[in-house]
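The values are calculated or read from the model by the stated rules, or taken from the named source; none is laboratory data. Bear in mind that the values here come from a model prediction, so they are computed numbers and not experimental data. Reconstructed Cβ throughout: ideal geometry from the backbone, glycine too, with neighbour counts over all protein chains shown.
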Amino acid sequence: MKIVLEHLTKKFPNRNKKVGGFVTAVSDFNIEIPDGKLIGLLGPSGCGKSTALNLICGLEKPTEGHIYFGEDDVTKLQPENRGVGLVFQNYALYPHLTVQQNITFPLENLRGKDKMTKEEMAAKALEAAKLVQIENLMERKPSEMSGGQQQRVAIARALVKRPRVLLLDEPLSNLDARLRLQTREEIRRIQRETGITTIFVTHDQEEAMSISDMIVVMKTGVLQQIGKPQEVYDDPVNLFVAKFLGNPAINVFRGEVKNGKLYIGEEEVMNVGSVSDRPVYVGIRPEGFIPDDNGALTLNLTRVEVMGRDTSVVSTHPAAESETVRSIISAEDAAGIGGETVRFFLKPYKVFLFDTETEERIQFDPEAEENIPLEAAEAAVQNTAE
Amino acid sequence: MDNKSMKGWLYLLPAILFLGVFMVYPLIDVFVYSFEEGYNSASQTFFGIGKYNYSYVLHDTYFLQAVKNTFILVIITVPLSTGIALLISLGLNHIKPLKELFQTVYFLPYVTNTLAVGLVFMIFFKKTAYSDGMINLLIHAFGGNSVDFIDGPYWAKMFVLCFYTIWIVMPFKILILTSALASVSKVYYNAAKVDGTRPFRIFYKITLPMISPMIFYLVITGFIGAFKAYSDAVALFGTDLNAAGMNTMVGYIYDMLYGNSGGYPSYASAAAIILFAIVLTITVINLMISSKRSVK
């Protein structure tokens, strides 16, 4: 089911009555979510992503705007008439009911022509339980199960009515690290098998990037960017998105463009062609560094962290926004690194420029030949190849 | 006995001592008295040992009246007060404006003195030479005949006693139930809402099971409290409860010890043991029902 959000806005009355007015949790949201995809709604806590989910689900009514499932305007419909399944962050399984009873609970609410017999309900419940592989736990109570199992029951309960849209609120946040990896694969598999358009909320960018078909990045109620995870990572629209995605985080420097050249500190590090002269924020992905003795950017080396396949070079720079600058290079390249300083060439497509006022992205063409001094680049590529 | 369990007993000792001296010993003593015929506390003498005290008490019309009164009181007030308290708590839980005010108002009876409340009830219900009382005025206004609730027919007196008891035990139950309702996580209601659960089903399938431990607690303590009712009856009908026909079991025990017809510790002890047996039985039944439910 395609989901379209049109100018969706939700304002809450300010809780501090003395201040009054409204807090805007979701502000003028416009997105179109294609049918049958897994969407990660991503943002730091308090950015309005859960509110957005509740609006889609129908637990909250929007202040303005419309929600469409396919061609239907569901803005004014009650949750039960929208055909949504919702998995809560803490699962919200009824503790006094068994797994079986929990899963059949939504079915027992059906009235009129949809009303089911006990046998039909049991069959539906078993089908849902099989999908999430808990069919042997049907007689257990929620308290007798692990977090991961409870999570599955919650998903089965959300799926038993065959919803048009499945919504998951921070589905992995209550699980330990190992279970989290396993469960996210599981969610991916269930979504593939059922083909139900699924939206899940998370503050963990890694989680969102790893399983989503598309991610939606939010900040303080405002949509920042929507796209395939890799596209958003490679082409962030602003500094916030660039900083939010990626682990380790992007390194940000204060820099300046003069005569088509980018300066960090005193050093001229890159040609950025068409960009007019101005101060900029320079974001460099950790994997965007090529170590080279003649490199354009000089960093003060703090330490080298060996992580097996890769090596993480931790260093500092006076113009860096963060305390340390972290670059990830392959272990072979790290061999020559030592001493007080370390020098790097930069991979142009891993470098992003942002306006210092608006923090919006300033585009330049990384393919342009003059970006990197050619000889140095060739040498660097050869180095890497060796 | 190993070292560890010795330590355990040592820690328990103070509690055991106090409970032993002030609870277990008196209980045993009362049990012994109840079999000593014609015990005189002044001279510490008795005639013999036997079941006569029990047979006297069980054949005493005043005692039988007291048992009947107590049972009627228990059977009417415990379910009614719990039910009404639940309704009020649900209401309180759903309103937003003035919630604190209502909570305070509903809690006031709890901090009001029993006898003061009794006085107010007298003004409401008592029929005197000068006035019919407020309730009778109301009955008149609706075209009924006035009833003397304090000195009149048995059902009228029982009605007032039950009314009074329910009114006085309600605040505590409302307090417990509102906090129990507030402790049910909102997320369950959201989950139910997404599934389109009807309000009654939400109440019956979610709210009620979630707060059932508190309801059982209130029913059990309510039963025990109602079986021990005494001061309520005194507040309404004065100290000569036997004459009013409104005595309770505890009232009977008190009268046997200190009342006008008093001075019979043996009979009082026998009556106390009978009361104890009844309360114990009812409580065990209650616990069996509640544990059966929670296991399921």
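Just a few scattered comments:
- The numbered conditions (1) crowded, with 22+ Cβ neighbours inside 10 Å; (2) assigned to a loop (DSSP other than H, G, I, E, B); (3) within 14 Å of chain B (Cβ to nearest Cβ) are all true for A:Cys47 except (3).
- Filtered residues of the stretch A:247-277 (kept if under 30 Å from A:Gln205 (Cα atoms) and buried (at least 19 other Cβ atoms within 10 Å of the Cβ)): A:Ile250, A:Asn251, A:Val252, A:Phe253, A:Gly255, A:Leu262, A:Ile264, A:Val269, A:Met270, A:Val272
- Considering residues of the stretch A:108-144 that are part of a helix (DSSP H, G or I) and either in contact (Cβ under 8 Å) with a residue 60 or more places away in the chain or among the polar types (S, T, N, Q) (or both) only, the residue farthest from the other protein chains (Cβ to nearest Cβ): A:Asn136
- Among the conditions (1) more than 24 Å from the chain's Cα centre (by Cα); (2) away from chain A (no Cβ under 12 Å), B:Lys228 misses just one, which is (1).
- Candidate set from the stretch B:171-216 (those that are more than 30 Å from A:Asp114 (Cα to Cα) and of a type in the set (S, T, N, Q)); member that is nearest to the other protein chains (Cβ to nearest Cβ): B:Ser212
- Flag if A:Ser274 is at pLDDT below 90 and in a loop (DSSP other than H, G, I, E, B): yes
- Checking A:Arg162 against (1) over 18 Å from A:Gly83 (Cβ atoms); (2) within 14 Å of chain B (Cβ to nearest Cβ); (3) surrounded by fewer than 17 Cβ atoms within 10 Å (Cβ to Cβ), the condition it does not meet: (1)
- Hits in the stretch A:59-74 (condition: out of contact with any strand residue (DSSP E or B) (no Cβ under 7 Å at 6 or more places or on another chain) and either within 14 Å of chain B (Cβ to nearest Cβ) or in a loop (DSSP other than H, G, I, E, B) (or both)): A:Leu59, A:Lys61, A:Gly70, A:Glu71
- Within the stretch A:302-353, tally of residues that are under 17 Å from A:Ile284 (Cα atoms), of a type in the set (Val, Ile, Thr) and not in a strand (DSSP E or B): 1
- Residue check for B:Leu138: loosely packed, with under 14 Cβ neighbours inside 10 Å, farther than 30 Å from A:Val84 by Cα and within 21 Å of the chain's Cα centre (by Cα): no
- Candidate set from the stretch A:89-102 (those that are within 13 Å of B:Asp195 (Cα to Cα) and more than 8 Å from chain B (Cβ to nearest Cβ)); member that is nearest to the chain's Cα centre (by Cα): A:Leu93
- Candidates A:Val232, A:Val216, A:Val241 - the one that is buried (at least 22 other Cβ atoms within 10 Å of the Cβ) and without any contact (Cβ under 8 Å) to a residue 24 or more places away in the chain: A:Val232
- Of the candidates B:Tyr264, B:Tyr252, the single residue that is crowded, with 19+ Cβ neighbours inside 10 Å, over 21 Å from the mean Cα position of the chain (by Cα) and within 20 Å of B:Phe35 (Cα to Cα) is B:Tyr264.
- Residue tally, condition within 30 Å of the chain's Cα centre (by Cα), crowded, with 16+ Cβ neighbours inside 10 Å and acidic (Asp, Glu), over the stretch B:147-202: 1
- Of residues in the stretch A:290-301 being part of a strand (DSSP E or B) and more than 31 Å from the chain's Cα centre (by Cα), the one nearest to A:Arg343 (Cα to Cα): A:Thr298
- Within the stretch A:76-88, being facing chain B (nearest Cβ under 8 Å) and touching a residue at least 24 places away in the same chain (Cβ under 8 Å) holds for A:Glu80, A:Val84, A:Gly85, A:Leu86, A:Phe88.
- Scanning the stretch A:163-191 for residues that are charged (D, E, K, R) and in contact (Cβ under 8 Å) with a residue 24 or more places away in the chain gives A:Arg164, A:Asp169, A:Glu170, A:Asp176, A:Arg180, A:Arg184, A:Glu185, A:Glu186, A:Arg188.
- Against the conditions (1) under 28 Å from the mean Cα position of the chain (by Cα); (2) within 8 Å of chain B (Cβ to nearest Cβ), A:Phe105 satisfies every one except (1).
- Sole exception among (1) within 16 Å of A:Ala92 (Cβ to Cβ); (2) at pLDDT 90 or above; (3) surrounded by 20 or more Cβ atoms within 10 Å (Cβ to Cβ) for A:Thr197, by number: (1)
- Helices (runs of 4 or more DSSP H) fully within the stretch B:79-170 that include at least 3 residues being within 30 Å of B:Ser183 (Cβ to Cβ) and at pLDDT below 85: B:99-111.
- Exclusive hit being touching a strand residue (DSSP E or B) at 6+ places or on another chain (Cβ under 9 Å), farther than 30 Å from B:Cys162 by Cα and touching a residue at least 60 places away in the same chain (Cβ under 8 Å), set B:Tyr39, B:Tyr52, B:Tyr33: B:Tyr39
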